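Right, one structure below, let's go through it.
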């Protein structure tokens, strides 16, 4: 009789115990997979929200700009360079920006704002900006109007059609001032953008800041962050000092660290859970071995190799774990897929806490394969470790004593 | 006086494959002070009969009346309580709790009955002395021989002050020396204290000591000798 | 006697019991330590918020917080602050003018909240003075000293003695500006707060904003102990019935929410660990009663009521669980106590944590209420685990259990 068959039948000798042990593995797998899915889902969302709306995956900047974000550290983008970048495989869109700071004044109030001069069409290709307009209209090339976030607009008591004065610091220290009508108001899921951002047509911005043809950054988009490394390599060959390339993780180290710390915390918790489950499997294995000592001794006595017995015992552990893993994966695939398509929306006080922290109030799920295969790998490692017990015990089994007991 | 009356007792086991009549219309009665053996080959219904008398198994029909009380008219937890206070048991094996010492095992049944601590300790010592185990009070069953364990079981059965003691093949696992020993103790207790013993047995030596022998075959009483 | 029996029964199979006990110990220890960790982070966050940012109470004109407009000041606010100072349990009051402005260096600008303060009074309310990295608390510069944060200094490339210009809209809606000199640079563990707040002298800002003498926008109040805050709030409301008097919880409900959510999260954490342990405990106890079939049959036979047998199994399970639970709780407390003094260094995640105001040097904190709750949860788990095995045990038919063939 083949070993797998023997092993399979053996685990059903005590149906309840096998099922309970398998259930513990099921619990571990499904919990860990769902938790990982939620974590990765929320990270993707957080990254997306920042990258897709603001920083892009990559940016080309003047080499001093990042340390010293002033109008003086701008550059001129040549057409040839712009073309070359757009042709890099994997690059989906590029958009030039002139970003600076200004004091925005309405009739009654004043507030500091981040002013971004954009090429409306290019910008929309990169960030989908037009989609977030809630009142008024989007900008067209050469537009004299501005777009602003809804929270900023309500703070300044302005709406579409009102005029805003922008006061800032231009190229080489010249004072920058201008008056602009509000063309449109946008609302993005992350409040800090709604509180601070004003969009202006690029040429208008360049005039405002006395920096004709100059930009602070060229935003380069790829499809997703898996494509980024390849695109970056290609960019690196095109870009030389006085320009440099920056990727989103270099531009948002806080976000990167936050995600890293949360991921680490999650790993630790899952580790604790799996250790507990491993002990549970070990307990079952100890019981299985103890009650069959005599039987194993008989088998050895009549001529079965110890190695074969150890193999059968190993297979038994594998089968029990497999029961749990397969059902766990099936369950978690179902759960994760459902919530991937129907993310959980947070409401009430909780929602406010999320948005205050700059996170969209949703629980998003991820279907990254690693969410699932990580569990399989972990259980496999556990099975390996736990099976050391019956291996060692079988090797040390003394037949005469075992026959007596 | 009659302490046990069995009237038309029947026990039928009905499983998918077969139907067995283990006890087939038995009528018997037992008096106080008896030293009675119930004998018969394997499958004769001895164990079933004892289980029915001891309130451990429900008869298909018929009555078990102990000291005037129809046992099976009581509700299940009342029967359990009845056993606690009225019937002593000595089984072939697994009589004692392995985690308790001999002394504690005898004390245990008194604890169940609600005796105060000092009382039960005193009586437990007394009973263990009576069965000749005064020097093994604090030994756990794993340290006692088979015979010694059975003697502790007898002491425990006595401790609850039962009306009678049922012993199911008490000597089956013992060597001849221990068997002799145990029987002598039980006999002495019967003679001196008037304790009623009813046991089922295979063992000829046990049968020899009995003063009444009930023979069962195929669930029926085929002989009832008094000596 | 039942207690002795149950306890001794656990040790009949040392190996099997130890596997369960160790699993429980590890799980609970991890759980207790993790919750102490999270609690520590929360406590530090709150302390930072109260000591460096919000204080215990704030007093404003009822329209100031909603509109942020300069004109909603508290007339004779200085005098009011003086009166509040005399109240019982008030440690200090800090009257402030608050204005949104643009701060610009030679090259760049940023939006800030400017607070005009009186350093001597401010010292009693916030601990910014303890966070000075360089320079002094608005001293050492004769004209228009300003205190900025390290984050802002880096952003705008500023140093001690650098010259900056504050541009703002005064009470008469005129755009006005003045030069200030950096007198000090501070740094708290909340970089988001730091980036936006700068401090100048009350008199200097009063002049610049053209506000009437004695006007303030905000009076921050520090109480001796947060317990007294509600009482002080009442007293202040009595003094100034038409003004808005809010506690820190009312000003930042998201902080309160985060604390409450964290508490729930901690218990959920422990519950999941206990759930994972449940499988192993049930399996072990099922094995136990299976092995003791004859023994249990015997007990039922000699007259032990089913209720008592049920209780015996329940007791044994709870004791087994508690054996691991107590060691786990004590172990967790010990480890947490160690890290209460010798903090855990998370500075590799510093930027991410500090963006949201969390200290990267975490002191763990044990909450006595938590210890009690965890103990109860462990006991409850033992009881739940016992239910199925105990139920099976009392269903044993004594006649059947004793049958020897």
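Rg/Rh for chain C stands at 1.23; both radii use Cα atoms, and Rh follows the Kirkwood definition.
Determine the distance separating the Cα centre of region A:193-240 from the Cα centre of region C:223-274; give it in Å without decimals. Value for the Cα centre distance between the two parts: 43 Å.
If R0 is taken as 56 Å, the Cβ-Cβ distance between residue C:3 and residue A:13 corresponds to a FRET efficiency of 0.95. Once C-alpha pairs closer than 8 Å and six or more residues apart are averaged by separation and normalised to the residue number of region A:64-240, the relative contact order reads 32 percent. What is the distance in Å between the Cα centroid of region A:1-65 and that of region A:331-405? Region A:1-65 and region A:331-405 have Cα centres separated by 6 Å.
In this simple spin-label model, placing a label point 7 Å from the Cα along the Cα-to-Cβ direction at both residue B:73 and residue A:398 gives a separation of 6.2 nm.
Spacing of the modelled spin labels on residue A:326 and residue A:305, each 7 Å from Cα toward Cβ, amounts to 2.8 nm. In chain C, the calculated helix contribution to ellipticity at 222 nm averages -17500 deg cm²/dmol per residue, counting -39,500 (n - 2.57) for every DSSP H run with n ≥ 4.
A simple spin-label model places the labels of residue C:275 and residue B:163 5.5 nm from each other, with each point 7 Å out along Cα-to-Cβ. If you take the beta carbon distance between residue C:308 and residue B:188 as r and set R0 to 30 Å, what does 1/(1 + (r/R0)^6) give as a FRET efficiency, to the nearest 0.05? Once the sixth-power term is evaluated, E becomes 0.35. Compared with the dominant Cα axis of chain C, that is its longest principal axis, helix C:229-239 is turned about 30°. Computed from the C-beta positions of residue B:29 and residue B:205 and an R0 of 30 Å, the FRET efficiency is 0.70 to the nearest 0.05. For region C:28-73 versus region A:157-178, the inter-centroid distance based on Cα atoms is 34 Å.
Fewest neighbouring Cβ atoms within 10 Å first, the residues C:268, C:314 line up as C:268, C:314. Geometric descriptor of the protein assembly as shown, per residue, is 235 Å³ (volume of the convex hull of the Cα atoms). Comparing mean-square fluctuations of B:63, B:151, B:191 from a GNM of chain B with C-alpha springs under 10 Å, the top value falls on B:191.
Specify the residue with the greatest mean-square fluctuation among A:123, A:99, A:291, computed from a Gaussian network of chain A linking alpha-carbon atoms under 10 Å apart. Comparing A:123, A:99, A:291 in a Gaussian network model of chain A, the most mobile one is A:291. When every Cα-Cα distance of region C:217-290 is counted in 10 angstrom steps from zero, the calculated P(r) takes the values 15, 26, 18, 13, 11, 10, 6, 1 percent. You can think of it this way: the chain between residue C:133 and residue C:179 has 14.3 nm of extra reach, that is 0.36 nm per residue less the Cα-Cα gap. Size estimate for region C:62-242 follows the Kirkwood approach: the inverse of mean 1/r over distinct Cα pairs works out to 16.8 Å. The mean sequence separation of alpha-carbon pairs under 8 Å and at least six residues apart, normalised by the residue count of chain C, gives a relative contact order of 27 percent. Listed by Cβ neighbour count within 10 Å, with the fewest neighbours leading, C:171, A:208 appear as C:171, A:208. Helix A:253-291 sits at what angle to the longest principal axis of chain A, using alpha carbons and giving 0 to 90 degrees rounded to 10? Helix A:253-291 sits at roughly 10 degrees to that axis. Here the relative contact order of region A:89-155, from alpha carbon pairs under 8 Å that lie six or more residues apart, stands at 27 percent.
The alpha-carbon positions of region B:2-226 define a convex hull whose volume is 131 Å³ per residue.
Comparing B:77, B:138, B:67 in a Gaussian network model of chain B where C-alpha atoms under 10 Å apart are linked, the largest mean-square fluctuation is found at B:77. Between helix C:14-48 and chain C there is an angle of about 10 degrees, using the helix long axis and the longest principal axis of the Cα atoms. Here is how the number arises for chain B: DSSP H runs of 4 or more residues each give -39500 (n - 2.57), the sum is divided by the residue count, and the result at 222 nm is -10500 deg cm²/dmol. Mean projected area of the Cα convex hull of chain A, taken over all directions, amounts to 26.0 nm².
Here, each number is a calculation from the coordinates, and none is a lab measurement. Fair warning: this is a prediction, and the values are worked out from it, not measured in the lab. We place every Cβ from the backbone using ideal geometry, glycine too, and count neighbours over all the protein chains shown.
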